[in-house]
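**Q** Dropping the structure in here first, questions after.
The values are calculated or read from the model by the stated rules, or taken from the named source; none is laboratory data. A quick note: this is a predicted structure, and the numbers were derived from the prediction, not measured. Every residue, glycine among them, receives a Cβ derived from its backbone with ideal geometry; neighbour counts consider all protein chains shown. Side chains included, ligands, DNA and RNA excluded: accessible areas come from the protein's heavy atoms. Shrake-Rupley method; radii C 1.70, N 1.55, O 1.52, S 1.80 Å.
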Amino acid sequence: MTIIGIGEDGLAGLSDASRKALAGAETVFGGERHLKLAEIGGRGKPWPVPFDASCVLSRRGRPTAVLASGDPFWHGAGGSLAADLAPDEWIAHPAPSTFSLAASRLGWSLEATLCVALHAAPFERLVPLLSRGARIICLLRNADAGSKLAHWLTERGWGASRLWTLSALGGPREEIAQYRADSLAPDETLGPLAIAIEADGAAGLSRASGLPDDLFKHDGQITKRPIRALALSALAPRPGERLWDVGAGSGSISIEWALAGGTSIAIETRDDRAVNIFANAEVFGLTHRISIVAGTAPSALAALARPDAVFVGGGLDASMFDALWSLIPQGTRLVAHSVTLETEALLADLHERHGGDLMRIEISQAAPLGRYRSWDASRPVVQWSVVK
């Protein structure tokens, strides 16, 4: 199988090796646009949308070519196909990606530019990325998506951002135009494959743990900002790691874990709170990183993919701990909170038996008291953190 990157210049931009592979292929898979650019004819087989590798893999062992836009291994079909093939079953001939072409037209350093595929993902994926001065190149499906993205940015306080629509890059129909986000109208762009953003407007999300509570939809069941910051510090999120958020409530711990690059499984027994978790994940553009499981620990945990860290925000008892401890692998980080005397006693006992760190957190905030101010104390929280 030969995986070939093709640009808007069609056959003219292909290498000799790519042309030879196309000529010798019994079947050529690709999007309808790719097949037309390569002038394939009757051997062409458009792949389904969304992409499904099974149709291509069914030709395994036969001379087959796959056409993809630009670099097939950057938001393309290459990775999906190679994952199911042995190293000696395929070869790739990439072309410059849309990201590379866009950066070269704008004079942007690609290593300092955020590259995002939004042709099959919600605009909310941009939420964690937007900050003043950030440069972002987005792949989009069509012109209508471009005007909708501009409107989305404007609604969220980023209307002053500079946008470039970049159409048919690398081909004879190439067109580039610049706008402000709040002035891009639906009829002003002709089929952009990409939009480049130089963000200007709101401050964007803080990268520190402990986001403001009012950013989350909740019914009062939320790990409050300072306590959440301490919990996340103990959980120590790292990119690519998985969290079990047991009794997730609003999902605020899961949200901040996912913002750090990990994935989370939020276990919540109440349907209304599960709805809030999903709403929060949607607002932050993290639905692809947070899974919601309806159920109660520990029964809901047995079938789940094993975690790198576990957070129990409340309700831990001895039987739940024993079941949880037997499920998690060595090296898993466990953080548990308590606001009751009974669970505090359990955490003290677990600390004595298993070690780790035991901390009592007492926080007071200034609040009005008549004509003056006084300290308004929150309930103390006991935190136990341990590595199995």
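**Q** Just one of Ser385, Ser326 is outside any strand (DSSP E or B), hydroxyl-bearing (Ser, Thr, Tyr) and under 21 Å from Gly247 (Cβ atoms); which is it?
**A** Numbers: Ser385 fails: outside any strand (DSSP E or B).
None of the others qualify; the one that does is Ser326.
**Q** Against the definition (within 21 Å of the chain's Cα centre (by Cα), more than 11 Å from Gly210 (Cα to Cα) and open to solvent by less than 60 Å² (accessible area, probe 1.4 Å)), how does Ile222 come out, yes or no?
**A** Details: within 21 Å of the chain's Cα centre (by Cα): no; more than 11 Å from Gly210 (Cα to Cα): yes; open to solvent by less than 60 Å² (accessible area, probe 1.4 Å): yes.
Considered against the rule, which asks whether it is within 21 Å of the chain's Cα centre (by Cα), more than 11 Å from Gly210 (Cα to Cα) and open to solvent by less than 60 Å² (accessible area, probe 1.4 Å), Ile222 comes out as no.
**Q** Can you find a residue in the range 293-309 that is within 21 Å of the chain's Cα centre (by Cα) and either at pLDDT below 95 or within 21 Å of Ile222 (Cα to Cα) (or both)? Full working, then the answer.
**A** Initially, the range 293-309 is screened for residues within 21 Å of the chain's Cα centre (by Cα), giving 293, 304-309.
In the following step, the residues that additionally are either at pLDDT below 95 or within 21 Å of Ile222 (Cα to Cα) (or both) were identified as 293, 309.
Yes: the range 293-309 contains one or more residues that are within 21 Å of the chain's Cα centre (by Cα) and either at pLDDT below 95 or within 21 Å of Ile222 (Cα to Cα) (or both).
**Q** Look through Ala21, Ala12 and report the one residue that is out of contact with any Phe, Trp or Tyr (no Cβ under 9 Å at 6 or more places or on another chain), part of a helix (DSSP H, G or I), surrounded by fewer than 14 Cβ atoms within 10 Å (Cβ to Cβ) and of a type in the set (A, V, I, L, M).
**A** Ala12
**Q** Examine the range 175-194 for a residue that is in a loop (DSSP other than H, G, I, E, B) and either at pLDDT 95 or above or under 25 Å from Ser299 (Cα atoms) (or both), and state whether such a residue exists. Steps first, answer last, please.
**A** Applying the first criterion (in a loop (DSSP other than H, G, I, E, B)) to the range 175-194 yields 184-185, 189-193.
Right, trim to either at pLDDT 95 or above or under 25 Å from Ser299 (Cα atoms) (or both) and you get none.
Checked the range 175-194: no residue is in a loop (DSSP other than H, G, I, E, B) and either at pLDDT 95 or above or under 25 Å from Ser299 (Cα atoms) (or both).
**Q** Pairs under 8 Å by beta carbon, first residue on the phi > 0 side of the Ramachandran plot and at pLDDT 95 or above in the range 223-241, partner loosely packed, with under 15 Cβ neighbours inside 10 Å and of a type in the set (Gly, Ala, Ser), six or more apart or different chains?
**A** Gly240/Gly261
**Q** Working only within the range 148-174, note down all residues that are among the small types (Gly, Ala, Ser), part of a loop (DSSP other than H, G, I, E, B) and either within 16 Å of Glu198 (Cα to Cα) or open to solvent by less than 10 Å² (accessible area, probe 1.4 Å) (or both). Break it down into steps so the answer makes sense when it comes.
**A** At the first step, the residues of the range 148-174 found to be among the small types (Gly, Ala, Ser) are 150, 157, 159-161, 167-168, 170-171.
If we keep only those that are part of a loop (DSSP other than H, G, I, E, B) as well, we get 157, 159-161, 168, 170-171.
Listed by number, the residues that qualify are Gly157, Gly159, Ala160, Ser161, Ala168.
**Q** Ok, one more. Being in contact (Cβ under 8 Å) with a residue 60 or more places away in the chain and open to solvent by 60 Å² or more (accessible area, probe 1.4 Å) is the filter here, so list the residues in the range 360-388 that pass it.
**A** We begin by selecting, within the range 360-388, every residue in contact (Cβ under 8 Å) with a residue 60 or more places away in the chain; these are 361, 363, 378, 381, 383, 385, 388.
Passing the criteria: only Ser378.
**Q** What number of residues within the range 305-332 are open to solvent by 30 Å² or more (accessible area, probe 1.4 Å) and touching a Lys or Arg at 6+ places or on another chain (Cβ under 9 Å)?
**A** Residues flagged as open to solvent by 30 Å² or more (accessible area, probe 1.4 Å) and touching a Lys or Arg at 6+ places or on another chain (Cβ under 9 Å) within the range 305-332 amount to 8.
**Q** Residue by residue through the range 3-44, note down the ones that are in contact with a Ser or Thr (Cβ under 9 Å, 6 or more places away or on another chain), among the hydroxyl-bearing types (Ser, Thr, Tyr) and under 22 Å from Ser100 (Cα atoms).
**A** Ser18
**Q** Shifting gears a bit: If you go through the range 81-105, how many residues are over 15 Å from Gly5 (Cβ atoms) and open to solvent by 40 Å² or more (accessible area, probe 1.4 Å)?
**A** Kept after step one, since they are over 15 Å from Gly5 (Cβ atoms), are these residues of the range 81-105: 83-89, 102-105.
Now narrow it down to the ones that are open to solvent by 40 Å² or more (accessible area, probe 1.4 Å): 83-84, 87-89, 104-105.
Number satisfying all stated conditions: 7.
**Q** Let me ask something additional. If you check every pair at least six apart or on different chains, which have Cβ atoms under 7 Å apart with a residue in the range 302-315 that is over 24 Å from Glu344 (Cα atoms) first and a residue that is among the aromatic types (Phe, Trp, Tyr) second?
**A** Sorted first by the residue in the range 302-315, then by its partner, the pairs are Leu304/Trp244; Pro307/Trp244.
**Q** Among the candidates Ala121, Ala145, which residue alone is assigned to a helix (DSSP H, G or I), modelled with pLDDT under 95, surrounded by 15 or more Cβ atoms within 10 Å (Cβ to Cβ) and of a type in the set (A, V, I, L, M)?
**A** Ala145
**Q** I'm told Val56 meets every condition in (1) open to solvent by less than 20 Å² (accessible area, probe 1.4 Å); (2) assigned to a loop (DSSP other than H, G, I, E, B); (3) among the hydrophobic types (A, V, I, L, M, F, W, C) except one. Can you identify the failing condition by its number?
**A** (2)
**Q** Can you confirm whether Ala160 is in contact (Cβ under 8 Å) with a residue 40 or more places away in the chain and over 21 Å from the mean Cα position of the chain (by Cα)? Walk me through it before giving the result.
**A** Details: in contact (Cβ under 8 Å) with a residue 40 or more places away in the chain: yes; over 21 Å from the mean Cα position of the chain (by Cα): yes.
Yes.
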